[in-house]
Every structure is written in structure tokens, then in C-alpha cells.
Amino acid sequence: MKSSEIKQKVRLKLMKNRLNMDYSLLSILILLGLISILTLYIIEPTLPPKFEGIHFWLQQAKWYVGGGVVITAVMLIDYDRFHQITWILYGIGMLSLVMLFFGFPPGIVPEVKGSVAWFQIPLIGTVQPSEFMKVILVMVLAHIIVRHKQKYSEKTIKIDLLLLSKIAAVAAPPMLLIAVQPDLGTFLVLGAITASLVLVSGIQWRILFAMLLMVVIAGLLGLVAWQLFPDAASVFIDITGFDHVAGRITGWLNPNENPDDSYQFIKGMLAIGSGQLFGKGVSSMEVNVPEQHTDMIFTAIAEQFGFIGSSIVITLFFLLIYRLVYIALQSNDRYGTYLVTGMIGMFAYQIFQNIGMSIQLLPITGLPLPFLSYGGSSTLTYLLAIGIVLNVHSRTKKYMFEEARWYD
């Protein structure tokens, strides 16, 4: 073999090792994207008249193409450099949420169904800052935990409480601003991200158990107060602006007694149940479910393709989470592991919540199903998150005899 051929093979091998692309994760992503576009194309004729002439499937395809560009751009930057821009991104995210809170600037902050969560920007369209705040929160919490552990090598209760206070100080402001929009669904997603990173941050379990116990006690006291003093609880909920949340909970617990609040539940269950084992077939849809192209897209899949089609979708999501867990465990860099762990918390909670509310296992919170539901801000956010995960995977070093692990 010629020396030039040998050099070429060595060069190709080095490039392959440098890229280290996770093609399994990319394949899952492509399949979910195709399912999303196909489902939106099929259900388009069944959507309400107000959506007539809007090609959601075509717009979704454009968002996926744009997301591919985002992934490529993120892959070009070593994720370790994210440390340098983390606080800048957090500041931009907080500024956008504060602007929404004050309705500034006037004219581009519409109120949709009682919620103020979007900017209506000319030539660009609707932008939802809370979606991008999910990824930003993952980045800033991972940054805080890494810097804290670099500064404090000891493990004491005082130092762990200090770390916990830092996490709370960063996570609480965006969560509160999103809660008052009001957007309970995204508020809970940020809570899931924070919880997932707290669990892997190394904080002592006695502290975590104490926190969990306080949350459980607070929840039980709230339920008791609701049952013993329903009038006072209703007044408190009205004052805080969360009356829609109470309606969704009562509609979930007693759908027959609250037909207005449980309408979407009932329609969703009818659609899923009518699909049975193999579904009604492509375009054979008879149940009109509100918001079926966004939050309730899983019901459209279940009605057309039945239990088998739904199981395939759930399996793809399971494989997605599995790959993310694998990449987090394989990473030999603390910061990379925390970044991927935060994305796991975000995706796992949203998938569980969306499918759970579609089958009446959980109350409706208005969360989209990742990669399947229509939405520009949400789709770009999820693809950005996958880009960061692929970045971590591509720069995970492999060792010949033994893999180095930061947690050894």
C-alpha cells in the first residue's frame, strides 16, 4: 500500500474520531420529524375554519430545516466555551421575560387565551421566550454547579446548602415570571430541569429528602385546605390568577361533573379509544379534538394508527431518552454530563406530561409533545438542545484501556 493511501486512511480515521457523531440519535430525530410533518399534513383538513389556508406541515418542515442549521452551528463550537456566554444568554432570557411581564413594547405583546407569553414580531412571526429559557436554564445551572465544585472540594452540609441556594437564586426568577404569564406547563418544565440537576449535583441525600418531605407536606396541606375551605381556596386562586389551573384539575378529577373544563379530556379519550389496536387508517379521523395540531397531536396519531402506532411513537421517545442517558454517562467531563442531564429532565418530563394528559393520566397543562407538536419556538428549542447533546458526545474522549471518569 502506498504511503499516500496510508496517510489518507489515517486522516479519515482522525476526522471520524473527531466528529464522533451519534447517528442513532440523529436517526431517531429524523423519524420523529417525519412523523410530525406527516401527521400535520393529514390532520390539516380537519382543523377549525380559522386555520384554513395555513399549511402547518410545511411550516413545521421549514422549522426542522432551520433547526438543522442550528444543530450544525452548535456543533462547530466546543461546548466548553458555553461558559463564556452563559450569563449573557441568561440576561437576554430574563430581559425578554421582564418585557413580557410589563407588556413592552406595546403592539407586539399580544394576549392569547389570557396568557401573555409571546412576542409578535413583524417578518419573523411569533416568538415564545419561555421556550428558549429552558435550554438557557440548563446551561446556567450546569455552569453554576461546575464552578461551585471547582471552588469547594469539601462536602459539608453548609457547602451543599450554599450550592442549593445558588441554584434556587438562578432558577426562581424565570420560573416566577413564567408562572405569572400564566404558563403552568413551562413553569413545571423548569422545575423538572432544576430537580434533575440538583439530583446529580452531589448534594447530600439527607438535604434532598428533607426538601422532598417539605414539598409533600405543603402539597398535602394545600389539598386539605381545598377540601375544608373550598370558598377561601377559590378566592385565593382567583386573586393569584390561577383559576384556570383549578378548572383543569377539577375537570381532570371529575370530568362528568365539569363538562366545560373536561371537554378536551373527553374528546381526546374518544379519539384515542376509537383507534383501538390498529387505528382507523390514514385520514380516517372522526373526533374533533381542540388544539390537535399542537398540544394534543398524540390523539391524532392514536386515532389513525391505533395502539400499534402509538406504541411505536412511545418507543422512539424511549430510545431518545436512552441515548441521552448513555451520552451523559459516557461523558468524561463534569460540565458535559450536567448539560445532557438537564436536557434529559426537560424531555422526559414533557413527554410524560403530554402523553399523560392525552390519556387522562394527568391534568392538562398545555405542553407540546417534543418534536411532534407544531410550533416554531418549541421545535427550535428542542433541536438546539439536541445540538448541545451531540456536541457533548462528539467531544467525549475515548481511552484505549480505561475510560476516564470525572466521578471516579
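At a glance:
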| item | result |
| --- | --- |
| Complete set of residues in the stretch 342-364 that are more than 11 Å from the chain's Cα centre (by Cα) and either surrounded by 24 or more Cβ atoms within 10 Å (Cβ to Cβ) or under 25 Å from residue 37 (Cβ atoms) (or both) | 355, 356, 357, 358, 359, 364 |
| Residue in the stretch 141-157 that is closer than 21 Å to residue 350 by Cα and either not in a helix (DSSP H, G or I) or not small (Gly, Ala, Ser) (or both) present | yes |
| Residue 309 over 27 Å from residue 142 (Cα atoms), surrounded by fewer than 21 Cβ atoms within 10 Å (Cβ to Cβ) and within 15 Å of the chain's Cα centre (by Cα) | no |
| Among (1) within 27 Å of residue 349 (Cβ to Cβ); (2) not in a loop (DSSP other than H, G, I, E, B), the one test that residue 117 misses | (2) |
| Residue in the stretch 181-239 that is farthest from the chain's Cα centre (by Cα), counting only those that are in a helix (DSSP H, G or I) and among the hydroxyl-bearing types (Ser, Thr, Tyr) | 234 |
| Where a residue in the stretch 267-285 is among the polar types (S, T, N, Q) and its partner, wherever it lies, is surrounded by fewer than 19 Cβ atoms within 10 Å (Cβ to Cβ) and not in a helix (DSSP H, G or I), with Cβ under 8 Å and at least six apart | 274/280; 274/286 |
| Residue within the stretch 188-206 that is farther than 23 Å from residue 329 by Cβ, touching a Pro at 6+ places or on another chain (Cβ under 9 Å) and crowded, with 16+ Cβ neighbours inside 10 Å present | yes |
| Tally of residues being among the hydrophobic types (A, V, I, L, M, F, W, C) and either within 24 Å of residue 366 (Cβ to Cβ) or touching a residue at least 24 places away in the same chain (Cβ under 8 Å) (or both) across the stretch 65-91 | 9 |
| Residue check, residue 354 in a helix (DSSP H, G or I), in contact (Cβ under 8 Å) with a residue 40 or more places away in the chain and in contact with a Phe, Trp or Tyr (Cβ under 6 Å, 6 or more places away or on another chain) | no |
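Rule-based calculations on the coordinates, nothing more; no lab input. It should be emphasised that the depicted structure is a prediction, and the values quoted were computed from it without experimental measurement. Glycine also receives a Cβ, built like all others from the backbone with ideal geometry; neighbour counts cover every protein chain displayed.
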